[in-house]
Amino acid sequence: MKVMVVGGGGREHAIIKKLRESKQITEIFALPGNGGIAADAKCVSIGAKDIEKICDFAKAEGIDYAVVAPDDPLVLGCVDALNEIGIPCFGPEKKAAIIEGSKVFSKNLMKKYGIPTAEYEVFTDLASALSYLDTAPVPTVIKADGLALGKGVIIAMTRDEAKEAVRSMMEDKIFGESGSQVVIEEFLTGPEVSVLSFTDGKTVVPMISSMDHKRALDNDEGLNTGGMGTVAPNPYYTDEVAKECMEKIFLPTVEAMNSEGRTFKGCLYFGLMLTPKGPKVIEYNCRFGDPETQVVLPLLDSDLFEIMQSVTNGTLAETEVRFKNEHACCVIMASEGYPQKYDSGFEITVADEIKDKVYVAGAKKDGDKLLSAGGRVLGATETADTLEKAIDGAYALVEKIHFENAYFRHDIGKKAKEAK
Ligand code: AMP
Ligand code: GLY
């Protein structure tokens, strides 16, 4: 079978490497992929948001199955467009992808169906948002309604900061139309857990849990990023918590989407906070997380392609989804300065013997050379029978990767180790 993966980051590289293990697949294309992914798939320079060109390519190439990985094409309706021309896909339709595409939608969904989340108010005009903030408790959390490259959430410690955040979204439109509505919500505390799940709209199968490290600098300092590293499983996510999440969050969410006529099929990502009052949803994503995927899929012991097809066909309940009883750690190597200004174009060298464990996010080819071409450049993942060994192993991989302005956190997994 010929499979096409839409997207071009570390997450897509991890999906592609796992799909390569499936005997059913003869050829994998990545749209657009990147210079590192090119070692594992045929890269085609079509942007992930260019739905028309994606469909034309799929038709011309005779693609049998498509995996749409990033949020943008999902929210724009890439799966609907591919289905229309008869190509089965892994990923939700547009009407279900709204669970990530609109925070107002997801918050209202949770309220309507009693799914635990932070208390909130929605504002469509600046004046009422500002007057609400005159008396709102702080810290408070301001969220732009739409997609904002993972930057649409501002935690404001004071009312002035909160007002500034609301102005920047609603008046200065720093996130464009994504900020025309804002959610102002209660500040929650507790350990965060990412749970990616497979769902065909009937059955939900959670994958192994993970912990992201979103801040740029050690000890969770610095700016929020797309994620600087991950470990799996997440030690805070005990069997007891998992059971509670299944009953109060996972199944109710899938059922709520069905009741709304928005059946979700694909990877539904639950961003959870384990608060003193129980697990609550911080955010939903309509896709695999990045860099969660780089620790979750290396631990998957079953055939990813079979699982994906069963999600599409509605037969997930009969399909084996088994994870190894091991640990994984992924350390992201970024360009110094990320998530703000950074230089790129530096040659990346990766020792041959570790290439299987490296997931490339931002790199381009220049002849035989691989050059950095993004904020997050790559991630190195090690798996082992203990968390400590996985962490030490991931940092040992980092030692074998070089580029001039490489920056990485030194404490990925530290919090998880301390939790045990
Ligand atoms: P998001 O982009 O939605 O993943 O949010 C980014 C980060 O902001 C999350 O990983 C949390 O650490 C934090 N966050 C979001 N919502 C809240 C909240 N209600 N209370 C505390 N922290 C939050
Ligand atoms: N790592 C968080 C995300 O993928 O949204």
Q: Roll a 1.4 Å probe over the protein chains and send me the accessible area per residue for the stretch 302-420 in Å².
A: 49 Å²
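Are there trypsin sites (Lys or Arg not before Pro) in the stretch 20-61 that DSSP puts in a loop and that have at most 10 other Cβ atoms within 10 Å, and which ones?
Details: sites: Arg20, Lys23, Lys42, Lys49, Lys53, Lys59; in loops: Arg20, Lys23, Lys49.
Listed in order of number, the matching sites are Lys23.
Keeping all protein chains in place, calculate the accessible area per residue for the stretch 147-188 (probe 1.4 angstrom), answer in Å². Each step should come with its number before you reach the end.
On the way: 2220 Å² over 42 residues.
For the stretch 147-188, the solvent-accessible area averages 53 Å² per residue.
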Q.
Here is the link list: Lys17/Lys341; Lys95/Lys277; Lys389/Lys415; Lys23/Lys202. Which ones come out longer than 22 Å on Cα distance?
A. Lys17/Lys341; Lys95/Lys277; Lys23/Lys202
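Quick one: dipole size for the chain, taken about the Cα centre, charges +1 on Lys/Arg Cβ and -1 on Asp/Glu Cβ, in debye to the nearest 20. Mind showing how you got there, number by number?
Working: 48 positive and 65 negative charges, 60 e Å.
The dipole magnitude comes to about 280 debye.
Ignoring any ligand, DNA or RNA, what whole percent of the accessible area of the chain comes from carbon and sulfur when the probe is 1.4 angstrom?
Numbers: 8410 of 17530 Å².
Solvent-exposed carbon and sulfur of the chain make up 48 percent of the total.
So, counting K/R as plus one and D/E as minus one, what does the shell of residues with Cβ under 14 Å around Ser180 add up to? Don't skip to the answer; put the middle values down first.
Details: positive: Lys103, Lys143, Arg167, Lys173; negative: Asp125, Asp145, Glu171, Asp172, Glu177.
Neighbourhood net charge equals -1.
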Q) Can you give the FRET efficiency for Ala60 and Glu164, using 1/(1 + (r/R0)^6), R0 = 56 Å, r = Cβ-Cβ distance, to the nearest 0.05? A) 0.65
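So if a site counts as exposed when it's one of the GluC sites (Glu not before Pro), its DSSP state isn't H, G, I, E or B, and it has at most 15 other Cβ atoms within 10 Å, what's the longest stretch of the chain without one?
Values: sites that count: Glu21, Glu119, Glu171, Glu320, Glu336, Glu399, Glu404.
The reported range is 172-319.
Find the accessible area per residue for the stretch 6-130; the probe is 1.4 Å, ligands and nucleic acids are left out, and the unit is Å².
The answer is 40 Å² per residue.
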**Q.** C-alpha center-to-center spacing [the stretch 31-67, the stretch 273-328] in angstrom
**A.** 24 Å
Q. How large is ³J(HN,Hα), in whole Hz, for each residue of the stretch 138-145 in order, when computed from phi with the Karplus curve 6.51 cos²θ - 1.76 cosθ + 1.60 and θ = phi - 60°, using x for Gly and Pro?
A. 10, x, 9, 10, 10, 10, 5, 4
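The values are calculated or read from the model by the stated rules, or taken from the named source; none is laboratory data. Computed from a predicted model, the values in this text were never measured in an experiment. Glycine also receives a Cβ, built like all others from the backbone with ideal geometry; neighbour counts cover every protein chain displayed. Note: areas computed on protein heavy atoms with side chains; ligands, DNA, RNA excluded. Shrake-Rupley method; radii C 1.70, N 1.55, O 1.52, S 1.80 Å.
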